[in-house]
Structures are given as structure tokens and as C-alpha cells.
Amino acid sequence: MSAKLIMKQVTKNYGDGDTTVSVLNNLNLIVNEGEFVAVLGPSGTGKSTFLSAAGALLTPTSGEIFIDGESLTDKSKSELTELRLEKIGFMFQSAQLLPYLKVEEQLLFVAKQAKMSAKEAKERAADLMKRLDIWKRRNHYPEQLSGGEKQRVAIARAWMNKPAILFADEPTASLDFKRGREVVRMIADEVKSEGKAAVMVTHDERMLEWCDRVLHLEDGHLVEHQV
């Protein structure tokens with residue numbers, strides 16, 4: 001089993017001198033292949049900062065981060081962009097679909113960015129849409145979809161580039177409890193079936209049934225709790 005995410009002694013400070021605030025404080029985390037990890041914590045504890053650092057969107061003040069065995073340290077902006085396209089998938093509170101693209105086109109757009117061949121992209125998109133039960137909606141625009149359908153498209157889009165790891169930021173916040181559970185279960189299913197990994201930041205403890213580990217972000221550290 002290989003680690004998809006390693007964070008070693010990661011610190012992120014804001015400000016300087018007497019005004020320095022440490023949001024992440026020597027944080028450590030390992031997420032292995034096939035593992036779905038939830039990170040809990042109330043607003044203001046640094047969950048967004050944690051996710052941004054782990055997903056190569058934010059450079060930590062110190063520490064090391066590895067995605068699928070590749071270090072983020074000393075990479076240029078263009079190299080980090082390339083790494084995100086190849087190895088990372090993102091899901092957010094709202095589906096954030098492009099309003100002018102149909103469902104299938106949303107997925108093919110990601111594939112093009114990731115430089116996937118047209119044939120592979122079509123096959124990959126079809127497979128994901130069928131597995132996530134949105135195949136019949138493939139020629140619909142986002143405005144024609146329900147909230148649950150939009151999030152399923154967001155899941156498919158996040159997995160489209162075959163990322164090593166998926167980062168989900170409050171992916172159920174805009175959904176009711178039933179649809180939220182469905183979305184979390186689908187993420188878990190993809191993690192297991194594809195041998196990938198996922199980290200979900202959430203405040204909703206009702207969504208933890210499908211997670212392998214639950215961590216709490218406290219004082220800039222991750223503390224493990226039993227599900």
C-alpha cells in the first residue's frame with residue numbers, strides 16, 4: 001500500500017513579528033491508497049488553510065508535503081499547476097459547474113486540460129456517468145439538474161483526470177441529509193474501486209459513516225478520533 005498524501009511538520013503562519021498567527025502548527029498526516037479520511041473542526045480552526053496546503057494551492061511556511069510520492073517543495077507555479085492537473089481532484093461546497101457546458105462536456109473539458117486522448121476521455125466520461133447514475137443527463141446543462149445531480153457531476157469531474165487523491169471541501173453543505181449521504185458514499189466507492197484516496201473537510205458528523213478515519217483539527221494539529 002502506497003501513501004497518496006504525506007504531510008510532515010507542516011506549519012502555516014500569517015502576519016509577522018508580534019502579529020504572527022500560526023494556523024497550522026507542525027501538522028502531520030499520512031493518507032494511504034484506498035483510504036477516505038474526514039477532517040472535522042468548527043469554523044476558524046484552519047480547515048480551509050489545511051486543505052489548500054494539502055492540495056498544492058497554498059505554500060506552507062515550513063514542512064514537507066508529498067502527493068503520490070512527489071514532493072511539492074521547490075516546485076514552480078507551472079509545475080504545481082501541472083501536478084494538480086495530473087494527481088489531484090477537487091470538490092467544493094457548491095458544484096461550481098460551468099453553466100454553458102453540458103454534463104458530458106464538463107468532464108471532457110477536464111480531460112482536455114489533463115491532456116487525455118479524445119478516445120480515452122470519452123470512455124472515461126461514459127464510465128463515470130454510468131457509475132454515478134447521470135448518464136441519462138449527459139446532454140443537460142447545469143440549470144436543468146437537481147442539486148444532487150449537480151454534485152454527482154462534480155464527483156465525476158473530480159475523478160475525471162484519475163487523480164491520486166481527492167480533496168472535498170464541505171461537499172454536502174448545499175444538500176439535504178439523504179443526498180449528502182449519497183454523495184459521501186459515492187466518494188467512498190470511488191476511493192475503494194479505483195485504489196485512490198480522499199480527504200473530506202466537513203463540520204457534519206452525520207456524514208462520517210463511510211469514512212475510514214476521522215481527524216479533528218485542533219490548535220493547528222490533527223488529532224485522531226474513532227468513527
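The values are calculated or read from the model by the stated rules, or taken from the named source; none is laboratory data. Quantities reported herein were computed from a predicted structural model and do not represent experimental measurements. Methodologically, a virtual Cβ is constructed for each residue, glycine included, from the backbone with ideal geometry; neighbour enumeration extends over all protein chains shown.
Within the range 16-55, the residues that satisfy the criterion of being in contact with a Ser or Thr (Cβ under 9 Å, 6 or more places away or on another chain), buried (at least 21 other Cβ atoms within 10 Å of the Cβ) and within 25 Å of Glu79 (Cα to Cα) are Leu24, Leu27, Ala53. Being at pLDDT 90 or above, closer than 25 Å to Leu85 by Cα and part of a strand (DSSP E or B) is a property that Ala168 has.
Among residues of the range 128-139 that are at negative phi and modelled with pLDDT under 95, those with a beta-carbon under 7 Å from a residue that is surrounded by fewer than 17 Cβ atoms within 10 Å (Cβ to Cβ) and part of a helix (DSSP H, G or I) at least six positions away or on a different chain give the pairs Met129/Trp135.
One residue alone among Val214, Val201, Val223, Val183 is without any contact (Cβ under 8 Å) to a residue 24 or more places away in the chain and over 19 Å from Asp68 (Cα atoms), and that residue is Val223.
This table checks each residue for (1) surrounded by 15 or more Cβ atoms within 10 Å (Cβ to Cβ); (2) of a type in the set (D, E, K, R); (3) out of contact with any helix residue (DSSP H, G or I) (no Cβ under 7 Å at 6 or more places or on another chain); (4) under 15 Å from Pro42 (Cα atoms).
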position	(1), (2), (3), (4)
Ala188	yes, no, yes, no
Thr202	yes, no, yes, yes
Leu208	yes, no, yes, no
Leu215	yes, no, yes, yes
Val223	no, no, yes, yes
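Search the range 65-81 for residues that are more than 16 Å from Gln9 (Cβ to Cβ) and pair each with any residue that is charged (D, E, K, R) when their beta-carbon atoms are under 6 Å apart and the residues are at least 6 apart or on different chains. Going by the 6 Å Cβ cut-off, the qualifying pairs are Ile67/Lys87; Asp68/Lys4; Asp68/Lys87.
Yes/no per residue for (1) within 20 Å of Lys150 (Cα to Cα); (2) in contact with a Phe, Trp or Tyr (Cβ under 9 Å, 6 or more places away or on another chain); (3) surrounded by fewer than 16 Cβ atoms within 10 Å (Cβ to Cβ):
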| site | (1), (2), (3) |
| --- | --- |
| Glu70 | no, no, yes |
| Asp74 | no, no, yes |
| Lys77 | no, no, yes |
| Leu98 | yes, yes, yes |
| Val103 | yes, yes, no |
| Leu108 | yes, no, no |
| Met116 | no, no, no |
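Screening the range 132-165 for residues that are among the acidic types (Asp, Glu) and not in a loop (DSSP other than H, G, I, E, B) and picking the one that is surrounded by the most Cβ atoms within 10 Å (Cβ to Cβ) gives Glu149. The single condition among (1) assigned to a helix (DSSP H, G or I); (2) at pLDDT below 90 that Val227 does not satisfy is (1). When the criteria are applied in full, Val183 meets the requirement of being of a type outside the set (Gly, Ala, Ser), over 21 Å from Lys4 (Cα atoms) and assigned to a helix (DSSP H, G or I).
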